[in-house]
Amino acid sequence: MRDRSNIVDLVLAFAATFVITLALWPRDAPRQIVRCNTADQGWKTYSIAINDPSLDDLKQKLRRWATPESHPAYVTAKWQKEVAEFYENSQPAAAEAKPIPRPVKRASRSPMTATISDTVTTASYETELEVPKQAVQMAAYVQPVTSPVDAPAEQPTASATATATKPADDSTYWSTVKASAVASMELVEARTASAPIVFDTVTPASWPQLAFHFAFLFGIAAACGYMHWLALAPLLKNTSFDQQPGGVLARIGTFSGVIALAMISAIAVWI
(Lines give C-alpha, C1' and ligand atoms only; values in the text may rest on other atoms or scores of the structure.)
Protein backbone atom coordinates (compact mmCIF):
# COMPACT_ATOMS: atom_id res chain seq x y z
CA MET A 1 0.00 0.00 0.00
CA ARG A 2 2.86 2.32 0.79
CA ASP A 3 4.46 1.82 -2.62
CA ARG A 4 1.14 2.13 -4.38
CA SER A 5 0.39 5.46 -2.71
CA ASN A 6 3.82 6.78 -3.63
CA ILE A 7 3.29 5.79 -7.28
CA VAL A 8 -0.06 7.59 -7.30
CA ASP A 9 1.60 10.71 -5.87
CA LEU A 10 4.29 10.59 -8.59
CA VAL A 11 1.68 10.22 -11.35
CA LEU A 12 -0.31 13.11 -9.92
CA ALA A 13 2.82 15.27 -9.75
CA PHE A 14 3.63 14.47 -13.38
CA ALA A 15 0.10 15.11 -14.64
CA ALA A 16 -0.29 18.33 -12.66
CA THR A 17 2.99 19.73 -13.96
CA PHE A 18 2.10 18.71 -17.52
CA VAL A 19 -1.27 20.49 -17.43
CA ILE A 20 0.14 23.63 -15.77
CA THR A 21 2.86 23.87 -18.43
CA LEU A 22 0.29 23.69 -21.26
CA ALA A 23 -1.91 26.28 -19.56
CA LEU A 24 0.98 28.74 -19.23
CA TRP A 25 2.35 28.12 -22.73
CA PRO A 26 1.00 30.61 -25.33
CA ARG A 27 -1.14 29.09 -28.02
CA ASP A 28 -0.62 29.57 -31.72
CA ALA A 29 -3.12 31.61 -33.73
CA PRO A 30 -5.99 29.79 -35.43
CA ARG A 31 -4.97 28.38 -38.79
CA GLN A 32 -6.74 28.39 -42.12
CA ILE A 33 -6.69 25.19 -44.15
CA VAL A 34 -6.04 26.07 -47.80
CA ARG A 35 -6.06 23.65 -50.74
CA CYS A 36 -4.21 24.78 -53.87
CA ASN A 37 -4.18 23.16 -57.29
CA THR A 38 -0.69 23.37 -58.73
CA ALA A 39 0.18 22.55 -62.32
CA ASP A 40 2.91 20.01 -61.51
CA GLN A 41 1.80 18.49 -58.18
CA GLY A 42 -1.99 18.74 -58.30
CA TRP A 43 -3.95 19.57 -55.17
CA LYS A 44 -1.84 20.36 -52.10
CA THR A 45 -3.10 21.20 -48.61
CA TYR A 46 -1.53 23.98 -46.55
CA SER A 47 -2.15 25.35 -43.07
CA ILE A 48 -1.71 29.14 -42.80
CA ALA A 49 -2.12 31.29 -39.70
CA ILE A 50 -5.05 33.69 -39.96
CA ASN A 51 -2.80 36.65 -39.14
CA ASP A 52 -0.36 35.80 -41.95
CA PRO A 53 -0.27 38.55 -44.63
CA SER A 54 -0.01 35.93 -47.38
CA LEU A 55 -3.50 34.69 -46.47
CA ASP A 56 -4.97 38.10 -47.27
CA ASP A 57 -3.17 38.10 -50.61
CA LEU A 58 -4.63 34.69 -51.44
CA LYS A 59 -8.13 35.83 -50.52
CA GLN A 60 -7.77 38.93 -52.70
CA LYS A 61 -6.56 36.85 -55.64
CA LEU A 62 -9.46 34.42 -55.20
CA ARG A 63 -11.89 37.35 -55.06
CA ARG A 64 -10.52 38.72 -58.33
CA TRP A 65 -10.58 35.25 -59.87
CA ALA A 66 -14.23 34.67 -58.87
CA THR A 67 -15.33 38.09 -60.20
CA PRO A 68 -15.70 38.00 -64.01
CA GLU A 69 -15.72 41.81 -64.24
CA SER A 70 -12.10 41.86 -63.05
CA HIS A 71 -10.92 40.04 -66.19
CA PRO A 72 -10.12 42.33 -69.16
CA ALA A 73 -11.31 39.70 -71.66
CA TYR A 74 -14.72 39.50 -69.97
CA VAL A 75 -15.14 43.28 -69.87
CA THR A 76 -14.19 43.60 -73.55
CA ALA A 77 -16.55 40.81 -74.58
CA LYS A 78 -19.38 42.34 -72.56
CA TRP A 79 -18.84 45.70 -74.25
CA GLN A 80 -18.84 44.04 -77.69
CA LYS A 81 -22.07 42.22 -76.85
CA GLU A 82 -23.81 45.43 -75.78
CA VAL A 83 -22.64 47.26 -78.92
CA ALA A 84 -23.82 44.39 -81.14
CA GLU A 85 -27.23 44.34 -79.45
CA PHE A 86 -27.55 48.09 -79.88
CA TYR A 87 -26.83 47.99 -83.61
CA GLU A 88 -29.01 44.91 -84.09
CA ASN A 89 -32.01 46.66 -82.57
CA SER A 90 -31.40 49.98 -84.29
CA GLN A 91 -32.98 50.85 -87.68
CA PRO A 92 -31.22 52.91 -90.39
CA ALA A 93 -32.59 56.42 -90.67
CA ALA A 94 -34.23 57.28 -94.02
CA ALA A 95 -32.61 60.20 -95.79
CA GLU A 96 -34.99 63.02 -96.62
CA ALA A 97 -34.82 64.29 -100.22
CA LYS A 98 -34.57 68.05 -100.09
CA PRO A 99 -34.67 70.20 -103.26
CA ILE A 100 -31.42 71.92 -104.20
CA PRO A 101 -31.88 75.67 -104.08
CA ARG A 102 -31.19 77.39 -107.40
CA PRO A 103 -29.58 80.82 -107.67
CA VAL A 104 -32.00 83.66 -108.29
CA LYS A 105 -31.10 86.02 -111.12
CA ARG A 106 -31.46 89.66 -110.39
CA ALA A 107 -32.96 91.99 -112.93
CA SER A 108 -30.58 94.80 -112.28
CA ARG A 109 -26.79 94.56 -112.28
CA SER A 110 -26.28 97.10 -109.58
CA PRO A 111 -24.02 96.36 -106.62
CA MET A 112 -25.69 93.94 -104.20
CA THR A 113 -23.93 95.11 -101.07
CA ALA A 114 -21.76 98.09 -100.32
CA THR A 115 -20.23 99.36 -97.17
CA ILE A 116 -18.38 102.65 -96.93
CA SER A 117 -16.22 103.51 -93.97
CA ASP A 118 -13.59 106.07 -93.32
CA THR A 119 -10.74 103.92 -94.60
CA VAL A 120 -12.04 100.89 -96.57
CA THR A 121 -14.76 100.50 -99.19
CA THR A 122 -16.04 96.98 -99.98
CA ALA A 123 -18.53 96.03 -102.71
CA SER A 124 -19.78 92.87 -104.48
CA TYR A 125 -21.32 92.47 -107.94
CA GLU A 126 -23.27 89.70 -109.64
CA THR A 127 -21.97 88.95 -113.15
CA GLU A 128 -22.60 86.20 -115.68
CA LEU A 129 -19.68 83.88 -116.44
CA GLU A 130 -18.70 83.49 -120.05
CA VAL A 131 -18.82 79.78 -120.91
CA PRO A 132 -16.18 78.79 -123.49
CA LYS A 133 -17.53 77.28 -126.71
CA GLN A 134 -15.13 74.36 -126.41
CA ALA A 135 -16.72 73.38 -123.12
CA VAL A 136 -20.18 73.54 -124.70
CA GLN A 137 -19.07 71.34 -127.58
CA MET A 138 -17.53 68.79 -125.25
CA ALA A 139 -20.68 68.67 -123.16
CA ALA A 140 -22.72 67.83 -126.24
CA TYR A 141 -21.17 64.35 -126.40
CA VAL A 142 -22.09 63.46 -122.83
CA GLN A 143 -25.03 61.05 -122.56
CA PRO A 144 -28.00 62.38 -120.64
CA VAL A 145 -28.54 60.99 -117.17
CA THR A 146 -31.93 59.47 -116.53
CA SER A 147 -33.58 61.05 -113.54
CA PRO A 148 -35.01 58.83 -110.79
CA VAL A 149 -38.51 60.00 -111.73
CA ASP A 150 -38.20 58.84 -115.36
CA ALA A 151 -36.52 55.51 -114.47
CA PRO A 152 -38.72 52.37 -114.73
CA ALA A 153 -40.10 51.07 -111.46
CA GLU A 154 -39.29 47.43 -112.20
CA GLN A 155 -35.54 48.11 -112.64
CA PRO A 156 -34.00 49.28 -109.33
CA THR A 157 -30.77 51.18 -109.46
CA ALA A 158 -27.46 49.91 -108.09
CA SER A 159 -27.56 52.33 -105.16
CA ALA A 160 -30.99 51.09 -104.14
CA THR A 161 -29.81 47.48 -104.33
CA ALA A 162 -26.77 48.25 -102.14
CA THR A 163 -28.98 50.07 -99.66
CA ALA A 164 -31.37 47.13 -99.51
CA THR A 165 -28.64 44.53 -98.96
CA LYS A 166 -26.55 46.51 -96.48
CA PRO A 167 -28.87 46.11 -93.44
CA ALA A 168 -28.87 42.35 -93.92
CA ASP A 169 -25.08 42.28 -94.05
CA ASP A 170 -24.88 44.49 -90.96
CA SER A 171 -27.29 42.22 -89.11
CA THR A 172 -25.18 39.17 -89.94
CA TYR A 173 -22.01 40.95 -88.89
CA TRP A 174 -23.37 42.11 -85.54
CA SER A 175 -24.86 38.66 -84.89
CA THR A 176 -21.41 37.16 -85.42
CA VAL A 177 -19.84 39.73 -83.09
CA LYS A 178 -22.47 39.04 -80.44
CA ALA A 179 -22.01 35.25 -80.66
CA SER A 180 -18.23 35.61 -80.34
CA ALA A 181 -18.60 37.94 -77.35
CA VAL A 182 -21.04 35.57 -75.61
CA ALA A 183 -18.64 32.65 -76.17
CA SER A 184 -15.78 34.65 -74.63
CA MET A 185 -17.93 35.60 -71.63
CA GLU A 186 -18.98 31.99 -71.05
CA LEU A 187 -15.35 30.89 -71.23
CA VAL A 188 -14.35 33.38 -68.53
CA GLU A 189 -17.34 32.43 -66.37
CA ALA A 190 -16.46 28.74 -66.63
CA ARG A 191 -12.89 29.60 -65.69
CA THR A 192 -13.98 31.55 -62.62
CA ALA A 193 -16.20 28.67 -61.46
CA SER A 194 -13.17 26.34 -61.07
CA ALA A 195 -10.86 28.32 -58.84
CA PRO A 196 -7.43 26.76 -58.13
CA ILE A 197 -7.63 27.88 -54.47
CA VAL A 198 -10.16 26.51 -51.97
CA PHE A 199 -10.42 27.77 -48.40
CA ASP A 200 -11.41 24.96 -46.05
CA THR A 201 -12.17 25.01 -42.33
CA VAL A 202 -10.35 27.09 -39.74
CA THR A 203 -8.65 25.07 -37.03
CA PRO A 204 -8.85 26.55 -33.50
CA ALA A 205 -5.85 27.87 -31.65
CA SER A 206 -3.57 25.11 -30.34
CA TRP A 207 -0.16 24.58 -28.84
CA PRO A 208 2.93 23.98 -30.92
CA GLN A 209 4.64 20.63 -30.77
CA LEU A 210 7.43 22.16 -28.72
CA ALA A 211 4.97 22.89 -25.90
CA PHE A 212 4.12 19.21 -25.46
CA HIS A 213 7.78 18.31 -25.42
CA PHE A 214 8.53 20.78 -22.64
CA ALA A 215 5.41 19.80 -20.71
CA PHE A 216 6.52 16.16 -20.79
CA LEU A 217 10.04 17.06 -19.63
CA PHE A 218 8.75 19.30 -16.84
CA GLY A 219 6.37 16.53 -15.72
CA ILE A 220 9.19 14.01 -15.53
CA ALA A 221 11.35 16.51 -13.62
CA ALA A 222 8.49 17.23 -11.18
CA ALA A 223 7.90 13.51 -10.56
CA CYS A 224 11.62 12.89 -9.95
CA GLY A 225 11.89 15.90 -7.63
CA TYR A 226 8.83 14.85 -5.67
CA MET A 227 10.24 11.31 -5.31
CA HIS A 228 13.48 12.68 -3.81
CA TRP A 229 11.53 15.03 -1.57
CA LEU A 230 9.42 12.11 -0.41
CA ALA A 231 12.59 10.20 0.51
CA LEU A 232 14.03 13.20 2.38
CA ALA A 233 10.82 13.99 4.29
CA PRO A 234 8.90 10.72 4.80
CA LEU A 235 5.62 10.63 6.59
CA LEU A 236 6.00 9.43 10.22
CA LYS A 237 3.86 6.48 11.20
CA ASN A 238 1.62 6.48 14.24
CA THR A 239 2.01 10.26 14.44
CA SER A 240 -0.77 12.82 14.18
CA PHE A 241 -0.75 15.38 11.41
CA ASP A 242 0.08 18.34 13.61
CA GLN A 243 3.06 16.46 15.03
CA GLN A 244 4.67 15.72 11.65
CA PRO A 245 8.02 17.42 10.82
CA GLY A 246 8.07 20.72 8.95
CA GLY A 247 9.46 19.11 5.79
CA VAL A 248 6.54 16.72 5.66
CA LEU A 249 4.01 19.53 6.14
CA ALA A 250 5.75 21.61 3.42
CA ARG A 251 5.71 18.65 1.04
CA ILE A 252 2.05 17.92 1.64
CA GLY A 253 1.11 21.61 1.32
CA THR A 254 3.09 22.03 -1.91
CA PHE A 255 1.61 18.87 -3.38
CA SER A 256 -1.94 19.96 -2.52
CA GLY A 257 -1.38 23.44 -4.02
CA VAL A 258 0.01 21.99 -7.25
CA ILE A 259 -2.98 19.63 -7.58
CA ALA A 260 -5.44 22.53 -7.06
CA LEU A 261 -3.59 24.70 -9.61
CA ALA A 262 -3.59 21.82 -12.06
CA MET A 263 -7.38 21.50 -11.77
CA ILE A 264 -7.84 25.21 -12.50
CA SER A 265 -5.40 24.96 -15.42
CA ALA A 266 -7.27 21.97 -16.82
CA ILE A 267 -10.48 24.03 -16.85
CA ALA A 268 -8.67 26.86 -18.66
CA VAL A 269 -7.13 24.45 -21.16
CA TRP A 270 -10.25 22.56 -22.18
CA ILE A 271 -12.75 25.42 -22.20
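Can you give me the P(r) profile for the range 1-53? Cα pairs, bins 5 angstrom wide beginning at 0, each as a whole percent.
4, 15, 11, 10, 10, 9, 8, 8, 8, 7, 5, 3, 1, 0
Quote the convex hull volume per residue of the range 164-268, based on C-alpha atoms, as a whole number of Å³.
Values: hull volume 14.1 nm³, N = 105.
Here the figure is 134 Å³ per residue.
Restricting the calculation to Cα positions, tell me the Rg (one decimal) and the Dmax (whole number) of the range 36-80 in Å.
14.5, 43
Once the Cβ-Cβ distance between residue 50 and residue 194 is put in as r, and R0 is 35 Å, what FRET efficiency do you end up with, to the nearest 0.05?
That gives a FRET efficiency of 0.85.
Sort 17-29, 207-219 by packing, meaning the average of other beta carbons within 10 Å per residue, with the highest value first.
17-29, 207-219
Tell me the carbon and sulfur percent of the accessible area for the range 1-64, rounded to whole percent, probe radius 1.4 Å.
57
Taking H as built 1.01 Å from N, whose amide H comes closer than 5 Å to the amide H of residue 49, not counting residues under 5 places away?
Those qualifying (amide H under 5 Å, at least 5 residues apart or on another chain) are 32.
For the range 266-271, what does the Karplus curve 6.51 cos²θ - 1.76 cosθ + 1.60, with θ = phi - 60°, yield as ³J(HN,Hα) per residue in whole Hz, taken in order and with x for Gly and Pro?
Values, residue by residue: 5, 5, 5, 6, 8, 8 Hz.
What accessible surface, in Å², does a 1.4 Å probe find on residue 198, ignoring ligands, DNA and RNA and rounding to the nearest 10?
So the heavy atoms of residue 198 present about 50 Å² to solvent.
For the range 211-216, take each phi angle, set θ = phi - 60°, evaluate the Karplus expression 6.51 cos²θ - 1.76 cosθ + 1.60, and give the result in whole Hz per residue in order, putting x for glycine and proline.
Taking θ as phi minus 60°, the curve returns 5, 5, 5, 5, 4, 5 Hz for the range 211-216.
Take the alpha carbon atoms of the range 15-98, find their radius of gyration, then divide it by 2.2 N^0.38 Å using N residues; give the quotient.
2.36
Rg and Dmax of the range 167-219, using alpha carbons, in Å: what are they?
In Å, with Rg to one decimal and Dmax whole: 28.6, 90.
Read phi for every residue in the range 29-41 and hand back ³J(HN,Hα) as whole Hz from Karplus 6.51 cos²θ - 1.76 cosθ + 1.60, θ = phi - 60°, with x for Gly and Pro.
Working through the residues one at a time gives 5, x, 10, 9, 7, 10, 10, 10, 9, 8, 6, 9, 10 Hz.
May I ask you to list the residues of the range 217-232 whose amide nitrogen lies under 19 Å from a point 7 Å from Cα along the Cα→beta-carbon direction of residue 252?
Counting only backbone N, you get 226-232.
The values are calculated or read from the model by the stated rules, or taken from the named source; none is laboratory data. Worth saying up front: this structure is predicted, and the values here are computed from it rather than measured. Here the Cβ is made from the backbone with ideal geometry for all residues, glycine too, and neighbour counts use every protein chain on show. The protein model used for the area step is the full one, side chains on, heavy atoms only, and it has no ligands, DNA or RNA in it. Shrake-Rupley method; radii C 1.70, N 1.55, O 1.52, S 1.80 Å.
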